[in-house]
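**Q** Structure provided below as structure tokens; questions to follow.
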């Protein structure tokens, strides 16, 4: 428990530091937007690239493992999109960000170190596979939802999605990182140190900018969106993933440790990357920031409980 809290408390502390700095008027909302843009365009792409190329993600590729998890991701998107259509009045871009909030776990800042801490270095391969494949699916789904024209013209939707993907540095860094890993390329020396320095700035910058944005957000006015997102992310998403892995037999056996990693990742709070994406699209920033904070607070209690159940109910070996 103390080890898990040691991972989540610094996360909260940096967000709180950003909020205090905004409260003291050291930074303005405009400053927060600029920091978020720096994180998204400059620091997060090297962060994703370095994380993906650190492991050969093709060495033990398991199509059944990836297929189950991505079916869960797509199902989560579809359910949340249906919820928006039935109960909320949001624009297409807002709908895309709403759905992304329900399905994008905090892989980089909490998930990766927590999985390695809980399951050891053998968790590195399934972690890397999920980091690559799920990020690609999530960003593509968000682009599709965000750029679907109200008129329903398929050609316009596909063209807008393709252009937006080309302009998305996070998605491009994931694709390039996967290509480098698949071909066995490694960056060493000065270029590696350069990328590592930029990658090191991603987490604190994104979290600090998130803290700045939290100040002054009308939480009560958006509870009809914040509460469903929280329930979807922390309850429905892990339930879907657990059902797919524990209730769907696999022709090629899946290592129980990999199943533990998949369920653990699904129960994580929303990634700070989603806030950077909301800044990139210029919409849903305040509600995204508030929901990230809320899910992270709740997950500080729910994740240790789920991790205990995983170790108890899905024993390795």
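Every number here is computed from the coordinates shown, using simple stated rules; none is lab data. Only a predicted model underlies this, so the values are computations on that prediction, with no experimental measurement involved. As a convention, Cβ positions derive from the backbone with ideal geometry for all residues, glycine included, and neighbour counts pool all protein chains shown.
**Q** Determine the principal axes of the Cα atoms in the stretch 225-275, then give the extent along each, sorted from largest to smallest and rounded to whole angstroms.
**A** Computed over the stretch 225-275, the largest-to-smallest principal extents equal 39, 19, 12 Å.
**Q** Next question. Would you mind classifying the stretch 175-317 by shape? Square roots of the alpha carbon gyration tensor eigenvalues, ordered a ≥ b ≥ c; an a/c under 1.5 is rounded, otherwise it is prolate if a/b is larger than b/c and oblate if not.
**A** oblate
**Q** For the stretch 20-88, what mean projected area does the convex hull of the alpha carbons give, in nm²?
**A** Its average projected convex-hull area is 8.4 nm².
**Q** From the alpha carbon gyration tensor of the stretch 66-140, can you work out the equivalent ellipsoid semi-axes (sqrt of 5 times each eigenvalue) and give them in Å, largest to smallest?
**A** For the stretch 66-140, the semi-axes come out at 28, 12, 10 Å.
**Q** Something else now. Going by how many other beta carbons lie within 10 Å of each one, how would you line up 237, 62, fewest first?
**A** 62, 237
**Q** Continuing with this model, one more query. When only Cα pairs under 8 Å and 6 or more residues apart are kept, what is the percent relative contact order across the stretch 252-304?
**A** 41 percent
**Q** Could you let me know the centre-to-centre spacing of the stretch 241-317 and the stretch 84-115, using Cα atoms, in angstrom?
**A** 12 Å
**Q** Computed on alpha carbon atoms, what radius of gyration and Dmax characterise the stretch 220-304, expressed in Å?
**A** Looking at the stretch 220-304, its Cα Rg and Dmax stand at 15.2, 49 Å.
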